[in-house]
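The values are calculated or read from the model by the stated rules, or taken from the named source; none is laboratory data. Keep in mind the model is a prediction, meaning the values are calculated, not measured. Please note: Cβ atoms are built from the backbone with ideal geometry, for glycine as well, and neighbour counts cover all protein chains shown. All accessible areas refer to the heavy atoms of the entire protein, side chains included, with ligands and DNA or RNA removed. Shrake-Rupley method; radii C 1.70, N 1.55, O 1.52, S 1.80 Å.
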Amino acid sequence: MAVNWFNDFYKHIADSPLSHWLEVLPAQIATWQKEQLHGDFSKWVKLLSKLPETTPSSMNLEGTVEFGNTTDINEYTQKQIIGLLKQFMPWRKGPFYLHGIHIDTEWRSDWKWDRVQPHIHCLKDRYVLDVGCGSGYHMWRMLGEHAKMVVGADPSQLFLMQFQAIKHFNPDPRIHLLPVGVEQLPELKAFDTVFSMGVLYHRRSPIDFLYQLKNQLRKGGELVLETLVVEGDEQTVFMPGERYAQMRNVWYLPSTAALIIWMQKVGFKNIRVVDVGLTTLEEQRTTEWMHSQSLLDFLDPNDFGKTIEGYPAPLRAVLVAEC
């Protein structure tokens, strides 16, 4: 079954601006598949195969990600779906609504999309790449903006499984998630729009990462970059210690002014900061679908303006630029 996910993608890009990706991608995926013989992968694939076939009476990707409603299935089937989907916890990015089932994820990713969407180029008929896409929530919203094709790149096994679980209820051929990291992407120079949301600060070399993003865009294409930042001037770049808000792999948090300089150095043009805001306890929190610690546990209990380590609390910015 897993092989079919990628074979379908190969067929769909064969006559597209992405066709030259076929020179390297099948071999990369074949290597990846050989490495999935151990761990939870086989178990998760079997769980996916147990999801019941349903016929959603409606599909809504505008303002939400919702397939079907409660009346499409009986109570037993609903409980069966819930039981299977909870095997893929923790669910971090969403929310999703499947036949009346509310997957209440840790993040209200719809709020982020609402902040981003007004500032981006119309996605209608565009080829779109989401680097570090997680389980694919924003990809569905991009499809709701009538993109021609949406491709996600994220090496996480669990995110791939969550994406395929959602896609089971809407097997749209225009949306695909590939288990590859950005460093495995060739210089495609073919996408009309590239999104990178919540990834830059996890990269050991942020300048190289910005080059990797630029190399996926056609000339005149658009980058949508969302990342953690700090207050400051053009010289301000903060490098936390071992952890930041309990995350181990946080490297550099620039000011928006410094980030603009980085992007200019890489060759981006018409760079705009379109949104800056603190992450709130309402936007990132523990839920029935994500039991472990969340933002409340990562902030100073006596001062929510600081992380538990004493650093500035998470401040996120959205920048839009042209290639």
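Remarks
- Within the chain, helix-based [θ] at 222 nm, where runs of 4 or more DSSP H residues each add -39,500 (n - 2.57), nearest 500: -8000 deg cm²/dmol
- Whole-Å distance, taken between Cα centres, linking the stretch 287-323 and the stretch 30-82: 30
- Multiplying the residue separation of Asp104 and Glu53 by 0.36 nm and removing their Cα-Cα distance gives an extension gain of 16.1 nm.
- Extension gain, Glu322-Glu242: 0.36 nm per intervening residue step, less the Cα-Cα distance, totals 25.4 nm.
- Calculated P(r) tail over 16 Å for the stretch 196-243, as whole % of Cα pairs: 49
- The stretch 42-88, accessible surface, carbon-and-sulfur percent (1.4 angstrom probe): 49
- Rounded to 5, the percent of DSSP beta bridges in the chain classed as antiparallel: 55
- For Lys34, a cut-off of 26 angstrom between C-alpha atoms picks up these lysines, skipping any fewer than 8 places away in its own chain: Lys11, Lys43, Lys46, Lys50, Lys167.
- Relative pair counts by distance (%), Cα atoms of the stretch 39-164, 5 Å bins: 2, 10, 19, 22, 21, 15, 8, 3, 0
- Extreme residue, positive dipole direction of the chain, given options Tyr201, Tyr76, Leu129 (C-beta unit charges): Leu129
- Evaluated with a Cβ-only charge set (Lys, Arg +1; Asp, Glu -1), the chain carries a dipole of roughly 620 debye about its Cα centre, given to the nearest 20.
- Calculated over the chain: convex hull of Cα atoms, volume per residue (Å³): 131
- With the convex hull drawn around the C-alpha atoms of the stretch 141-194, the volume per residue stands at 84 Å³.
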